[in-house]
Amino acid sequence: MTANPRTIILCICLFLASALITLSLRTSSHTGTWLPSVRPSKGSSPRLPHRLIGPKVAFATFLAANANPDAKATDEESAEIHDEDDGYFLGTRVLAYQLLHSQTAGTNNSIPFIVLCTKDVSERKRDRLKRDGAIVVVVDKLNADWVTPANARWRDVMSKLRLFQLTEYSKILFIDADTLVTKPLDGVFYDEATLTQATGTNPAQIKEDEGALPRTYMFSTHGDFWGYDHPYPPDPNLNYLNCGFFVFTPSKVLFDYYTSLLKLPGRFDPGFPEQNLLNYAHRRDGNMPWKPLWYGWNVNWPTENDWRGGARSFHAKYWDGDPSHDPVLKAIWKEQRAEMTGFYRGKELGSGR
């Protein structure tokens with residue numbers, strides 16, 4: 001059977017076209033974002049270009065002026081003892097180190113760390129945090145006359161809600177400064193609880209004296225254990241949220257809704273100011289119920305059992321002398337603190353400071 005000349009010519013043309021395309025792809029100078037932009041150092045994984053990371057995410061914490069009862073009278077006196085009297089500042093520095101620099105904490109330093117500061121945090125402390133690698137955001141305080149916290153050191157905690165004004169970020173993980181991190185936390189941004197939710201429309205849960213609700217929202221966290229005597233994994237049916245560790249999407253509408261609640265005396269119990277406001281705003285039977293994160297991301301009232309079970313971060317003030325704190329976890333935090341001190345000392349000596 002004789003081949004059709006037209007068929008032969010068509011096959012030759014297709015072959016030449018395919019070869020030309022292949023040659024063009026091999027010889028052209030590609031700058032596509034599907035390739036790593038920087039050659040990885042030995043032993044490290046490739047880091048993708050920032051434009052490939054997708055939604056802009058961040059870690060964040062909150063720092064107000066020293067409210068500890070044993071605080072020194074002046075900032076200069078505090079500096080002379082290396083701020084040992086300011087546990088929250090010390091905790092913020094250790095947290096920054098764990099998230100940005102520590103190899104033992106499994107850090108991912110491509111994610112920024114924000115420290116939201118009230119204006120009465122000294123310039124010296126803000127500068128130190130900036131040198132540590134944090135992004136310092138200074139804000140006005142947020143409060144209401146009728147909100148009287150159960151503990152004096154919580155007097156400015158409402159101000160942490162100003163994080164919801166940082167709408168340049170798509171997701172933020174808030175972590176209290178008194179947190180020990182032992183494993184990477186960047187996976188929390190992919191937790192299914194951090195998917196955007198449609199706000200409910202139950203008319204019985206809409207109050208005419210409150211601000212408007214956003215059309216969508218995202219607020220995910222975990223329940224409060226209220227003590228060290230808890231199982232791991234914990235009870236999945238906890239209804240009262242703990243706001244020492246939560247993921248959210250910043251929203252001006254949501255922030256305005258929160259501030260509208262501050263104008264309504266008695267709408268929530270002010271004893272735990274921002275925590276009870278968030279528990280009211282995101283109550284399980286409301287139109288914006290909070291979603292539970294995987295239990296292993298963070299544990300409050302933590303124990304060695306939680307750590308051995310695989311939890312990744314632990315909420316407790318390990319800088320103080322509270323005898324109820326788990327000794328194993330306290331020892332790990334102290335090791336991280338010592339590691340941080342050595343890291344910055346070496347870095348600053350190397351730079352000639």
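Numbers at a glance
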quantity	calculated
Criterion violated by LYS160 - all others in (1) modelled with pLDDT of 95 or more; (2) farther than 27 Å from PRO214 by Cβ; (3) charged (D, E, K, R) satisfied	(2)
Top-ranked residue of segment 53-83 - restricted to ones that are touching a strand residue (DSSP E or B) at 6+ places or on another chain (Cβ under 7 Å) and not hydrophobic (A, V, I, L, M, F, W, C), ranked as surrounded by the fewest Cβ atoms within 10 Å (Cβ to Cβ)	PRO55
Odd one out for HIS222, checked against (1) in contact (Cβ under 8 Å) with a residue 40 or more places away in the chain; (2) surrounded by fewer than 21 Cβ atoms within 10 Å (Cβ to Cβ); (3) out of contact with any helix residue (DSSP H, G or I) (no Cβ under 9 Å at 6 or more places or on another chain)	(2)
Test for SER324: is it under 19 Å from THR61 (Cα atoms) and either among the hydroxyl-bearing types (Ser, Thr, Tyr) or surrounded by fewer than 18 Cβ atoms within 10 Å (Cβ to Cβ) (or both)	no
Some residue of segment 218-228 being under 20 Å from LYS317 (Cα atoms), of a type in the set (Gly, Ala, Ser) and under 22 Å from the mean Cα position of the chain (by Cα)	yes
From the options ALA144, ALA105, ALA96, residue that is among the aliphatic types (A, V, I, L, M) and more than 22 Å from TRP333 (Cβ to Cβ)	ALA144
Which numbered condition ASP235 fails, given (1) at pLDDT below 95; (2) surrounded by 21 or more Cβ atoms within 10 Å (Cβ to Cβ); (3) not aliphatic (A, V, I, L, M)	(2)
Selection count, segment 97-115, where residues are touching a strand residue (DSSP E or B) at 6+ places or on another chain (Cβ under 6 Å) and crowded, with 23+ Cβ neighbours inside 10 Å	5
Residue match in segment 124-139 (condition: under 20 Å from ARG284 (Cα atoms) and modelled with pLDDT of 95 or more)	no
Boolean, ASP235 is under 23 Å from TRP307 (Cα atoms), of a type in the set (D, E, K, R) and part of a loop (DSSP other than H, G, I, E, B)	yes
Cross-chain or 6+ apart pairs with Cβ under 6 Å, segment 143-161 first and more than 16 Å from ARG267 (Cβ to Cβ) and assigned to a loop (DSSP other than H, G, I, E, B), then modelled with pLDDT of 95 or more and of a type in the set (D, E, K, R)	ASP156/LYS141
ASP86, sole failed condition from (1) touching a Cys at 6+ places or on another chain (Cβ under 7 Å); (2) surrounded by 16 or more Cβ atoms within 10 Å (Cβ to Cβ)	(1)
Search result, residues across segment 75-103 that are free of Cβ contacts under 8 Å to residues at least 12 places away in the same chain and part of a helix (DSSP H, G or I)	GLU76, GLU77, GLU80
Selected residue (criterion: nearest to TRP154 (Cα to Cα)) from residues of segment 243-293 that are outside any helix (DSSP H, G or I) and of a type in the set (Val, Ile, Thr)	VAL247
Neighbours by Cβ (under 8 Å, 6+ apart or cross-chain): first from segment 256-275, acidic (Asp, Glu); second at pLDDT 95 or above	ASP256/GLY211; ASP256/ALA212; ASP269/ASN276; GLU274/VAL157; GLU274/MET158; GLU274/LYS160; GLU274/LEU161; GLU274/CYS243
Restricting segment 147-174 to residues that are more than 22 Å from ASP120 (Cβ to Cβ) and either over 14 Å from the mean Cα position of the chain (by Cα) or among the charged types (D, E, K, R) (or both), the residue that is surrounded by the most Cβ atoms within 10 Å (Cβ to Cβ)	LYS171
Members of segment 294-318 that are surrounded by fewer than 21 Cβ atoms within 10 Å (Cβ to Cβ) and either in contact with a Cys (Cβ under 8 Å, 6 or more places away or on another chain) or part of a loop (DSSP other than H, G, I, E, B) (or both)	TRP294, TYR295, GLY296, TRP301, GLY310, LYS317
Only one of ALA198, ALA212, ALA177 that is of a type outside the set (D, E, K, R) and surrounded by 16 or more Cβ atoms within 10 Å (Cβ to Cβ)	ALA177
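The values are calculated or read from the model by the stated rules, or taken from the named source; none is laboratory data. As the structure is a computational prediction, the values presented were derived from the model and not from experiment. For neighbour counting, all protein chains shown are included, and Cβ atoms are generated from backbone atoms with ideal geometry for every residue, glycine included.
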